[in-house]
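The values are calculated or read from the model by the stated rules, or taken from the named source; none is laboratory data. Everything quoted here is computed from the prediction, not taken from an experiment. All Cβ positions, even for glycine, are placed from backbone atoms using ideal geometry, and neighbour counts span all protein chains on display. Each accessible area value is taken on the protein alone, full model and side chains, heavy atoms only, with ligands, DNA and RNA left out. Shrake-Rupley method; radii C 1.70, N 1.55, O 1.52, S 1.80 Å.
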Amino acid sequence: MARAPAALRLVADRAARALAAAGVPAAGEGLAAAVSGGADSLALLHALRTLAGPRGWRLAVVTVDHGLRPGSAADAAFVADHAKALGLEARVETLAPADLARHRAAGQEGAARAARYQALWRAAGELGCGWLATGHTLDDQAETVLLQLLRGAGPDGLAGMTVRGGRLLRPLLGVRRAETRACCAAVGVPWREDPTNQEPGPLRNRVRQRLLPLLEELRPGAAGTLARTAGLAADERAW
């Protein structure tokens, strides 16, 4: 069997170290990868597929069609077809307006997130998976820390995201967004772009498009420094 491309090995190795430090999943357990069709989640899928066999994990794929923008159904179908091509079982969850309405108090973005996770966990359970993995990266962590700073958060907020939060896993918190794209390119997988990520309105988008690039210009390596701050805050919180 051909050796995996270096870009995939890099992502898989960092994911393996993160999960080993968390001590999960155990052999024989089911792990559902939440895949949107973007580069981060596709890199997650291919990294977990590389790791699953030797570790005895049962890997499956779950994806959600929010129905909030044109093309979302096509993205979900793309994910399901890709999972099938890899020989993996996949589940597509399609949200109805009522699913979002239940969480309307959280605003549109918050409602979409809450409904998405509810659907992801439901699909993971139906696939017999007790663990759910998402493709959050080091860049997402840096953005989260900046958002928490802008909100005046204390140490708990600055801890950002953790590799393991209950049964939710984020194995790529040590991986840059550019590295997930390189991984997808190396394995020949075209990823989908969510146009809502380019909209100038949401604060996270503005942090991603303007603030973090400016910080990297002023202080190269700023994203890694912010992620390290999150790790230190998480360690202090745990202590």
Going by amide H atoms built from the backbone, whose H comes under 5 Å of the H on residue 58, apart from near neighbours?
28, 29, 30, 31
In order through segment 25-30: 3J(HN,Hα) via Karplus (6.51 cos²θ - 1.76 cosθ + 1.60), integer Hz, x for Gly, Pro:
x, 8, 4, x, 7, x
State the extension gain, in nm to one decimal, for the chain segment bounded by residue 98 and residue 74, taking 0.36 nm per residue of separation less the distance between their alpha-carbons.
6.5 nm
Using a 1.4 angstrom probe, figure out how much accessible area the chain has per residue, in square angstrom, rounded to the nearest whole.
50 Å²
Could you work out how far apart the two model spin labels at residue 239 and residue 3 are, taking each label as a point 7 Å from the Cα in the direction of the beta carbon, and quote it in nm?
4.1 nm
Using 1/(1 + (r/R0)^6) with R0 = 45 angstrom and r between the beta carbons of residue 193 and residue 149, what's the FRET efficiency to the nearest 0.05?
0.95
Å³ per residue enclosed by the Cα convex hull of segment 25-131:
94 Å³
In segment 85-161, the trypsin sites (Lys or Arg not before Pro) that sit in a DSSP loop and have at most 14 other Cβ atoms within 10 Å of their own Cβ are 102, 151
Before anything else, pin down the relative contact order of the chain: Cα pairs under 8 Å, at least 6 apart, normalised by residue count, whole percent.
25 percent
Determine, from the Cβ-Cβ distance of residue 22 and residue 122 and an R0 of 35 Å, the FRET efficiency 1/(1 + (r/R0)^6), rounded to the nearest 0.05.
0.90
Tell me, what HN-Hα J-couplings in whole Hz come from the Karplus equation 6.51 cos²θ - 1.76 cosθ + 1.60 at θ = phi - 60° for each residue of segment 3-14, using x for Gly and Pro?
6, 5, x, 4, 5, 6, 4, 4, 5, 5, 5, 5
Could you tell me the relative contact order of segment 1-133? Use alpha-carbon pairs under 8 Å, at least six residues apart, and round to a whole percent.
27 percent
Average projection area in nm² (convex hull over Cα atoms of the chain, one quarter of hull surface)
13.3 nm²
Excluding ligands, DNA and RNA, the carbon-plus-sulfur percentage of the accessible area of segment 128-239 with a 1.4 Å probe reads 56 percent
Accessible-area composition of segment 5-54, carbon plus sulfur, in percent [1.4 Å probe]:
56 percent
Separation in nanometres of the label points that stand 7 Å from Cα toward Cβ, at residue 203 and residue 13:
3.8 nm
